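Quick notes on the structure that follows.
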Amino acid sequence: MENKYGFINDGKVYLKAFLDFEDREIGKVLLTDEKAFEYFENRFSLLTAKVDQLEQGMNESGNKGSFLMKIIHLKTSLESYNALGDFVQLLSKLDDLQESLLGNVEQNRIRNLALKQELLDKAKELLAQENYDEDEEEIKEIHQNWLRIGRVTEEEEAYLETAFKALVDQYFEDKRNSKAKKEQIIYDRLDRFAELLEEGKRLFYLRKYAENKNAFMKLQQEWKRVGSVPRDKFFKISRDFQKLGNSFFDKLNEEVKYMKERSTTELSGLEIKKGINERSRAVYDLPSEEGFALVKLLQDEWKESGFVPKKMDPSMFNEFYKNCEYAYEYRYFIQVCTEKLGENSSDLQKANIMSDMIVNNKKEIAFFEENLAKYRNRRDDESKKFASNLMVKRRKLEAKELILENLS
């Protein structure tokens, strides 16, 4: 039994030769010859419907190029598809669809080439502008548009993809470098602000406001020229520098006012203090109790002698404090020697006791000096007390060493 497209031989169903294909066995007769023909003709109808569906989808799609491989795969599958029908007509239809599609794809690829070249030029323009904060969203949008555009002509595909990727990568690398550079500029400016603040503090704590007025004003001018930094990083240091400036010029005004109002009573007070200091030198020739009584009287006179100019040479004041300290230390030393050695001790025995006292005094000073760094830039009550104690201990050491020298 046979029909236009096939025949049955020895219980087997064959597809007749067509084009370059020879007769091919496609199945077996399971029930009757008629049922076998009907089954394989229905399979061909399904294949025809699949081709029609493919054609409809291609006509309705905006991206026709995506159907090219489907047509090629379908044509290849016909070589082994088991059905009875007009394969010549079906292959011809697929060839026509493929040819039509190739022409359409070529036009699309030419159009895609123009679109991608336009995006490439825009990306180059954004890269050259170096306006990274404002252009980042646009470069991302360009990248998304690029991904949505189909393939271009094969000879341009590799070049365009490589060039575009290089541009996008370069953009974000330049953006990172630009951000790092800006951050470094900010850090450098903040460091400079910190340096100016520390220099301002140094001038303030010198307490010579009129003398350092120009230097401080120069700092203020340099402060304005450093450059801008983010407000959240600048607020505290700016506030501290402003407060320091206000304090500096408040002190300057006080100093100027004081200098203008200084009266001759200050000068007369200075003369009185000079006389008191000369009288205090007698402690080195007096017994311990008499020297102690003398400095007690002289200290009271010193307090009542009035103010003196703040910028006076401190040598006279230092000498008076040293003389007083000597009297106190010498009296205490004699009391210790009397308690430990009795009334008739030798100078050598006394020198040994004083040597021990000097060692202890030096240990105390060493301890204070180890902790000096944390008070160096402070001007609160605690730091003032610390500095005063250290100065007293140094004067005491100087007095003890002088006593030991006299014993020797």
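Listing for the model above:
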read-out: Condition check for Ser268: in a helix (DSSP H, G or I), surrounded by 12 or more Cβ atoms within 10 Å (Cβ to Cβ) and at pLDDT below 85; value: yes
read-out: Residue match in the stretch 107-115 (condition: farther than 30 Å from Asp169 by Cβ and either open to solvent by 30 Å² or more (accessible area, probe 1.4 Å) or at pLDDT 75 or above (or both)); value: yes
read-out: Residue identified as acidic (Asp, Glu), surrounded by 11 or more Cβ atoms within 10 Å (Cβ to Cβ), modelled with pLDDT under 70 and out of contact with any strand residue (DSSP E or B) (no Cβ under 6 Å at 6 or more places or on another chain) among Glu136, Glu141, Glu156, Glu161; value: Glu136
read-out: Selection within the stretch 2-23 - in a strand (DSSP E or B) and open to solvent by 60 Å² or more (accessible area, probe 1.4 Å); value: Glu2, Asn9, Lys12, Phe21
read-out: Identity of the residue in the stretch 370-405, surrounded by fewer than 12 Cβ atoms within 10 Å (Cβ to Cβ) and in a helix (DSSP H, G or I), that ends up modelled with the highest pLDDT; value: Glu405
read-out: Neighbours by Cβ (under 8 Å, 6+ apart or cross-chain): first from the stretch 97-112, among the charged types (D, E, K, R); second in a helix (DSSP H, G or I) and at pLDDT below 75; value: Arg109/Gly65
read-out: Within the stretch 337-361, tally of residues that are open to solvent by less than 60 Å² (accessible area, probe 1.4 Å) and closer than 14 Å to Lys396 by Cβ; value: 4
read-out: Members of the stretch 64-81 found to be at pLDDT 80 or above and within 18 Å of Asp52 (Cβ to Cβ), listed by number; value: Lys70, Ile71, Ile72, His73, Leu74, Lys75, Ser77, Leu78, Tyr81
read-out: Given (1) among the aliphatic types (A, V, I, L, M); (2) touching a Phe, Trp or Tyr at 6+ places or on another chain (Cβ under 9 Å); (3) farther than 24 Å from Leu97 by Cβ, number of the condition Ala36 does not satisfy; value: (2)
read-out: Selection status of Lys35, exposed (fewer than 14 other Cβ atoms within 10 Å of the Cβ), out of contact with any Asp or Glu (no Cβ under 8 Å at 6 or more places or on another chain), without any contact (Cβ under 8 Å) to a residue 40 or more places away in the chain and basic (Lys, Arg); value: yes
read-out: From Lys322, Lys303, residue being modelled with pLDDT of 85 or more, surrounded by 12 or more Cβ atoms within 10 Å (Cβ to Cβ), basic (Lys, Arg) and on the phi < 0 side of the Ramachandran plot; value: Lys322
read-out: Matching residues, the stretch 212-241, being more than 15 Å from Arg192 (Cα to Cα), among the basic types (Lys, Arg) and surrounded by 13 or more Cβ atoms within 10 Å (Cβ to Cβ); value: Lys213
read-out: Verdict on Glu183 being modelled with pLDDT of 75 or more, under 18 Å from the mean Cα position of the chain (by Cα) and exposed (fewer than 15 other Cβ atoms within 10 Å of the Cβ); value: yes
read-out: Pairs with Cβ under 8 Å, 6+ apart, first in the stretch 176-196 and touching a residue at least 40 places away in the same chain (Cβ under 8 Å) and farther than 19 Å from Ser238 by Cβ, second outside any helix (DSSP H, G or I) and not hydroxyl-bearing (Ser, Thr, Tyr); value: Ser178/Glu130
read-out: Hits in the stretch 64-95 - residues which are open to solvent by 60 Å² or more (accessible area, probe 1.4 Å) and free of Cβ contacts under 8 Å to residues at least 12 places away in the same chain; value: Met69, His73, Thr76, Ser80, Gln89
read-out: Test: residue in the stretch 249-262 that is within 32 Å of the chain's Cα centre (by Cα), at pLDDT 90 or above, open to solvent by 50 Å² or more (accessible area, probe 1.4 Å) and not aromatic (Phe, Trp, Tyr); value: no
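The values are calculated or read from the model by the stated rules, or taken from the named source; none is laboratory data. From a predicted model like this one, the values you see are computed outputs, not experimental measurements. In this analysis, Cβ positions are derived from the backbone assuming ideal geometry, glycine residues included, and neighbour counts consider all displayed protein chains. To get the accessible areas, we keep the full protein, side chains included, count just its heavy atoms, and leave off ligands, DNA and RNA. Shrake-Rupley method; radii C 1.70, N 1.55, O 1.52, S 1.80 Å.
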